[in-house]
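The values are calculated or read from the model by the stated rules, or taken from the named source; none is laboratory data. Note that this is a predicted model, so its numbers are computed, not measured. Please note: Cβ atoms are built from the backbone with ideal geometry, for glycine as well, and neighbour counts cover all protein chains shown. Remember, those area values only see protein heavy atoms, side chains included, never the ligands or the DNA or RNA. Shrake-Rupley method; radii C 1.70, N 1.55, O 1.52, S 1.80 Å.
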Amino acid sequence: MTYQANKYGYYGQYGGAFIPEMLHNNIETLQNKYLSIIESEAFKKEFKSLLKHYVGRPTPLYLAKRLSERYNTTIFLKREDLCHTGAHKVNNTIGQILLAKALGKTRIIAETGAGQHGVATATVCALMGIDCVVYMGAVDIERQAPNVKRMKMLGAEVRPANSGSKTLKDATNEAMRDWIANPNDTHYIIGSVVGPHPFPDMVARFQSVISEEMKWQLKEQTGKEDPDYVIACVGGGSNAAGAFYHYLDNDIVQLIAVEASGLGVDSGESAATTILGKPGVLHGSKTLFMQTEDGQVIEPYSISAGLDYPGIGPVHANLFETGRAKFLHATDEEALTAVLELSRLEGIIPALETAHALAVLKNMDFKQEEVVVVNISGRGDKDLETYIKHGLDKK
Ligand SMILES: *Cc1c(COP(=O)(O)O)cnc(C)c1O
């Protein structure tokens, strides 16, 4: 029994590749080649070198003393907020740009909602001197202006998606259309453990460096490599997939995934997929997502743009269904409280997404001697305006 993907990209009943005929060749090439490329010595050497010298890895595993005292346990923070560009997303874009090069691709496309994945993609394209087009909903271009400017600074072209609700799912559709029209020279860098096989498995492998480091760092600091708990927030689920990866098949370690419940699970303004979602096919894989009776996607809501996604990756759908991971949720309000708490207790201002993971600490029943690792997926600079708007600076 394993919680990893099988060779067809299935996690239990979830995963697979449900794609239009026109993408068949691209996806099949990726499926056939991704493992031999990313497991080759040359690839591993370059990936590791860039993670070290460019991203700044290993990121620290920091014993948060004052936070531990508050919750009567031992809490370590895995500092992905200290990665170049301020979040874990760059681990994946570095991996995928190297893969694209190995496949002989000369052009990159990506979709982005809040712009974080767009920035991480534009960054690695600049690094490699490869053309980059980022699709972004017209509404998101308006509300995420600083990230649009960043992408342009880095030399990427930002193309607005003007269909539907003009947000992430429309940008994803546009990116798919582009890929169908440019199958030979273009690679599509997907930003989370979502999409058709092999993307969920591939992205999880690139992010697995998080738990790989956690193991030796914990061993160094506590004498054992297994914590009692690993806690991470889940949008599509890539930071959680990376933080869980090396513990998935080791059930001594309790895995806690935290979704955004927005204004409340029953408010109609939420992104708590495991509670509100049903099985179906979303963005090329079978998974759980929020949908109407006839299978139309329900627009999610969360204060944090990175968790504002109607589904979760298939790995997480399976972890939920099997009970291997426990899925909890936090509201906008709880996340804001957690932002202030970490800022004042540890001098670390977390991203809004990350704050959802921190927000469940108060609901847990930890023992003093237990070891808890919280994955700090990103830093809060991008959310400062939201924090000020909610008066966090005046508390
Ligand atoms: C994008 C983002 C997330 C959510 O994405 P996952 O794929 O679920 O990890 C979480 N935290 C930060 C800081 C992000 O930028």
Segment 1-86 - accessible surface per residue (Å², probe 1.4 Å): 57
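Could you size up the charge dipole of segment 67-176 around its Cα centre, putting +1 on the beta carbon of Lys and Arg and -1 on that of Asp and Glu, and report it in debye to the nearest 20? Could you put the intermediate results ahead of the total?
Values: 14 positive and 10 negative charges, 29 e Å.
So the magnitude is around 140 debye.
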The alpha-carbon center of segment 264-300 and that of segment 50-104 are separated, in whole Å, by 29
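Using a Förster distance of 41 angstrom, determine the FRET efficiency expected from the C-beta separation of residue 219 and residue 395, and round it to 0.05. Please list the in-between numbers first.
Working: r = 38 Å, r/R0 = 0.94.
The value I calculate is 0.60.
Please pull out the direction-averaged projected area of the chain, using the convex hull of its alpha-carbon atoms, in nm² to one decimal place. Kindly include the intermediate steps, with their values, before the conclusion.
On the way: hull surface 71.7 nm².
Convex hull of Cα atoms, orientation-averaged projection: 17.9 nm².
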What's the angle, to the nearest 10 degrees (0 to 90), between helix 24-38's Cα axis and the longest principal axis of the chain? 50
Got a number for carbon plus sulfur as a percent of segment 190-302's accessible area, 1.4 Å probe? 47
Can you list the HN-Hα couplings for segment 276-288, worked out from phi with the Karplus curve (6.51, -1.76, 1.60; θ = phi - 60°), rounded to whole Hz and with x for Gly and Pro? 9, x, 9, x, x, 9, 10, 6, x, 9, 7, 7, 8
Taking 8 Å as the Cα distance limit and 6 or more residues as the minimum spacing, I'd like the relative contact order of segment 21-137 as a percentage. 19
What residues have an amide H closer than 5 Å to that of residue 131, excluding those fewer than 5 places away on the same chain, when H is modeled at 1.01 Å from N in the peptide plane? 108
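So how much slack lies between residue 46 and residue 24, counting 0.36 nm per residue of separation and subtracting their Cα-Cα distance, in nm? Working shown, then result.
Values: separation 22, 0.36 × 22 = 7.92 nm, distance 2.92 nm.
Result for the pair: 5.0 nm of gain on full extension.
Calculate the tail of P(r) for segment 40-126: the fraction of all Cα-Cα distances greater than 22 Å, expressed in %. All intermediate terms of the calculation are to be shown ahead of the outcome.
Details: 1488 of 3741 pairs.
Percent of Cα pairs beyond 22 Å in segment 40-126: 40.
Please list 283, 187 in order of solvent-accessible area, largest first, computed with a 1.4 Å probe with all protein chains present.
In descending accessible area the options line up as 283, 187.
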How many angstrom lie between the Cα centre of segment 345-395 and the Cα centre of segment 154-215? 27
In segment 1-101, carbon and sulfur make up what percent of the accessible area (probe 1.4 Å)? 53
Report, in degrees rounded to the nearest 10, the 0 to 90 angle that the Cα long axis of helix 209-222 makes with the longest principal axis of the chain. 20
Taking Lys and Arg as +1 and Asp and Glu as -1, residues besides residue 364 with C-beta under 13 Å from its C-beta add up to +1
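For 53, 24, what's the largest-to-smallest order of accessible area, 1.4 Å probe? List each step's numbers first, then the result.
On the way: 53 140, 24 85 Å².
Greatest to least solvent exposure: 53, 24.
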